[in-house]
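Only one structure is covered here, and it is reproduced in the block below.
The values are calculated or read from the model by the stated rules, or taken from the named source; none is laboratory data. Only a predicted model underlies this, so the values are computations on that prediction, with no experimental measurement involved. Note that we place each Cβ from the backbone using ideal geometry, even for glycine, and neighbour counts take in every protein chain shown.
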Amino acid sequence: MYHFNKILAVAFIVLLTGCSIGGEKKIKIFSVEQPREKLNYEMPTPLQMEEIYWHIITSENAEEVFKKLEESGIDPVLFGITDKDFQVLARNFAQIRQKLQETNSLLEEYKKYYEGTEEKKDVDVQN
Amino acid sequence: MAIAIMLITGIAGAGIYVMKLRADNATLKANQIKLESAVEEQNKVLEQQKKDFTAILESNKKLNVLINTFKKDLQDLDKRFTKKNRDIGKLALERTKSIERIVNGGGKNAARCIELASGAEHTEEELKATLKSEINPECPALANPNYVPFQ
């Protein structure tokens, strides 16, 4: 009976502690940096400008110009600007073009700076 | 008996001390490895920062050159209208047909400049242009990258 109790006690201890013999697996927590998805917009489609024709009208050629318009089947009406306003228009056009160029250049520089860096980071991680 | 107890205690103490030293040594080794990798990472960060600063400086330089080109283009445009007290209105009265031709040519060139500014590809002709007669005078820096103006 004494031996039976001993065996029972040992069995009871094994029953309670058996699962911990191999030890519990430790949970490993690690963080992996996930790079931000690239926006990958295509660059804006270049403009295709339509051609316009400038008529120069003076007091001397006005009749001739209107006659030619009528002969060509075009309404004999013109929307005019003075020589000074023509200079202003040319300057305004130049400024619009420059703004467009500046914005596109900025966009390219941003893309080159950030996406170029991302590529370099990828290479660093691979190394 | 007392000597035996002291001996055993001494040996046990020495054992515990050695074990503590070994544990300290292991900790220090681990710390050393961590420090070395931290220094390496810091060096990488510094290197990257250096590269970034260089890229920012280059980009700034490029944009400054572009903005200076804009100023020059606008000055050139003004000059074309006012050079040697030129009055385009008077010229148009005197030589209507030729001014009409020049204005239409200029308009066509200006439209092409806008196409290029919006990202259109250069034509071979534009790229090859090196003479003043071959360039787009509305925006030579943009339209004809290989043209070097005579100073």
Seminar exercise, completed: Result of the Cβ filter at 6 Å on segment A:47-71, keeping first residues that are farther than 18 Å from B:L91 by Cβ and more than 8 Å from every other protein chain (Cβ to nearest Cβ) and partners that are of a type outside the set (G, A, S) and exposed (fewer than 15 other Cβ atoms within 10 Å of the Cβ), at least 6 apart or interchain, is A:F66/A:P76; A:L69/A:P76; A:E70/A:P76
Exercise. Looking only at residues in segment B:89-101 that are facing chain A (nearest Cβ under 9 Å) and not hydrophobic (A, V, I, L, M, F, W, C), which one is surrounded by the fewest Cβ atoms within 10 Å (Cβ to Cβ)?
Worked result: B:K97
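Rundown of residues vs (1) of a type in the set (S, T, Y); (2) outside any loop (DSSP other than H, G, I, E, B); (3) at pLDDT 95 or above; (4) surrounded by 10 or more Cβ atoms within 10 Å (Cβ to Cβ), yes/no style:
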{"residue": "A:H3", "(1), (2), (3), (4)": "no, yes, no, no"}
{"residue": "A:F12", "(1), (2), (3), (4)": "no, yes, no, yes"}
{"residue": "A:L16", "(1), (2), (3), (4)": "no, yes, no, no"}
{"residue": "A:F30", "(1), (2), (3), (4)": "no, no, no, no"}
{"residue": "A:E37", "(1), (2), (3), (4)": "no, no, no, no"}
{"residue": "A:M43", "(1), (2), (3), (4)": "no, no, no, yes"}
{"residue": "A:S59", "(1), (2), (3), (4)": "yes, no, no, no"}
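Residue by residue, here is whether (1) within 20 Å of A:A90 (Cα to Cα); (2) more than 7 Å from chain A (Cβ to nearest Cβ); (3) surrounded by fewer than 16 Cβ atoms within 10 Å (Cβ to Cβ) holds:
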residue	(1), (2), (3)
B:D87	yes, yes, yes
B:V103	yes, no, no
B:R112	yes, yes, no
B:E124	no, yes, yes
B:L131	no, yes, yes
B:I135	yes, yes, no
B:L142	yes, no, no
Problem set entry | Cβ pairs under 6 Å, 6+ apart, first in segment B:127-142 and assigned by TED's automatic domain parsing to the domain that holds B:K108, second of a type in the set (F, W, Y) and part of a helix (DSSP H, G or I) | none
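Residue by residue, here is whether (1) in contact with a helix residue (DSSP H, G or I) (Cβ under 9 Å, 6 or more places away or on another chain); (2) of a type outside the set (K, R) holds:
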{"site": "B:L91", "(1), (2)": "yes, yes"}
{"site": "B:R101", "(1), (2)": "no, no"}
{"site": "B:G106", "(1), (2)": "yes, yes"}
{"site": "B:E125", "(1), (2)": "yes, yes"}
{"site": "B:K128", "(1), (2)": "yes, no"}
{"site": "B:A141", "(1), (2)": "yes, yes"}
{"site": "B:N146", "(1), (2)": "yes, yes"}
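Looking at this structure, is B:K90 over 26 Å from A:E42 (Cα atoms) and at pLDDT below 90? Working first, answer last.
Numbers: over 26 Å from A:E42 (Cα atoms): yes; at pLDDT below 90: no.
No.
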Seminar exercise, completed: Per the filter on segment A:79-110, residues hydrophobic (A, V, I, L, M, F, W, C) and either assigned to a helix (DSSP H, G or I) or crowded, with 16+ Cβ neighbours inside 10 Å (or both) are A:F86, A:V88, A:L89, A:A90, A:F93, A:A94, A:I96, A:L100, A:L106, A:L107
Seminar exercise, completed: Note: among B:K34, B:K50, B:K29, B:K20, just one is assigned to a helix (DSSP H, G or I) and either within 14 Å of another protein chain (Cβ to nearest Cβ) or under 30 Å from A:Y110 (Cα atoms) (or both), namely B:K50
For this session: Please enumerate the residues belonging to segment B:101-132 that are among the acidic types (D, E) and not in a helix (DSSP H, G or I).
Result: B:E121
